[in-house]
Amino acid sequence: MPDYRRSFVPGGCYFFTVNLRNRRRTLLVDHIDQLREAFRKVKRQRPFRIDALVVLPDHIHCVWTLPDGDADYPGRWHALKTAFSKSVGEVGLDKNGKSLWQPRYWEHTILSQQDFIAHVDYVHINPQKHGLVRAVIDWSWSTFHRYVESGVYARNWAGGLEEQIAGGTGERL
């Protein structure tokens, strides 16, 4: 069994990918209100800042910053997964009665402002990357909209990329 080593930086900023066990399910968007409530509940009990977030049908990408002196993101993820699972009840279990979540998740400690920007961009472009929308702005369950409102992104950021590719050569116009 692999030896999973996590980076724990008190007050750190982290990128996460968290998946459902069954990647063909759409529970996260089908039960978006319960997921939002799970986030609110955990944030009230154990504060953290959501710098970027996208909820896809079967997985979540996000960037969080923890409070000074606090590095317990595993506890927060455990609480989030538990709260959401309880809220959807048996719908969240697979046919063998197992949890709806994969037992592990991907974590990356953000190391610089450039790293932060790259991961926030990755979070926001993900629905388009997966072919769920033509333009990033069209995906409802994303902090992209908050970034547009604050002037960080243009509404058409990464929208219609195929129109910007010249004759299939891969060169930008």
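The values are calculated or read from the model by the stated rules, or taken from the named source; none is laboratory data. None of the values given here were measured: they were computed from a predicted structure. Ideal geometry is used to build each Cβ from the backbone, glycine not excepted, and the neighbour counts take in all protein chains shown.
Some notes on this structure:
Yes or no, residue by residue, for (1) within 22 Å of residue 136 (Cα to Cα); (2) hydroxyl-bearing (Ser, Thr, Tyr); (3) in contact with a helix residue (DSSP H, G or I) (Cβ under 7 Å, 6 or more places away or on another chain):
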| site | (1), (2), (3) |
| --- | --- |
| 5 | no, no, no |
| 10 | no, no, no |
| 19 | yes, no, no |
| 30 | yes, no, no |
| 34 | no, no, yes |
| 48 | no, no, yes |
| 68 | no, no, no |
| 74 | no, no, no |
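- Within region 38-60, residues that are over 20 Å from residue 87 (Cα atoms) sit with their Cβ atoms under 8 Å from residues that are surrounded by fewer than 17 Cβ atoms within 10 Å (Cβ to Cβ) and among the polar types (S, T, N, Q), at 6+ positions apart or across chains, in these pairs: 48/65; 49/65; 51/65.
- Within region 106-124, the set of residues being over 11 Å from the mean Cα position of the chain (by Cα) and assigned to a helix (DSSP H, G or I) comprises 113, 114, 115, 116, 117, 118, 121.
- Of the residues making up region 68-77, not a single one is in contact with a His (Cβ under 8 Å, 6 or more places away or on another chain) and in contact (Cβ under 8 Å) with a residue 60 or more places away in the chain.
- Test result for residue 121, more than 18 Å from residue 140 (Cβ to Cβ) and surrounded by 13 or more Cβ atoms within 10 Å (Cβ to Cβ): yes
- Residue 76 being in a helix (DSSP H, G or I), of a type in the set (Lys, Arg) and within 23 Å of residue 22 (Cα to Cα): yes
- Qualifying residues in region 80-98 (those that are crowded, with 17+ Cβ neighbours inside 10 Å and not polar (S, T, N, Q)) - the one modelled with the lowest pLDDT: 92
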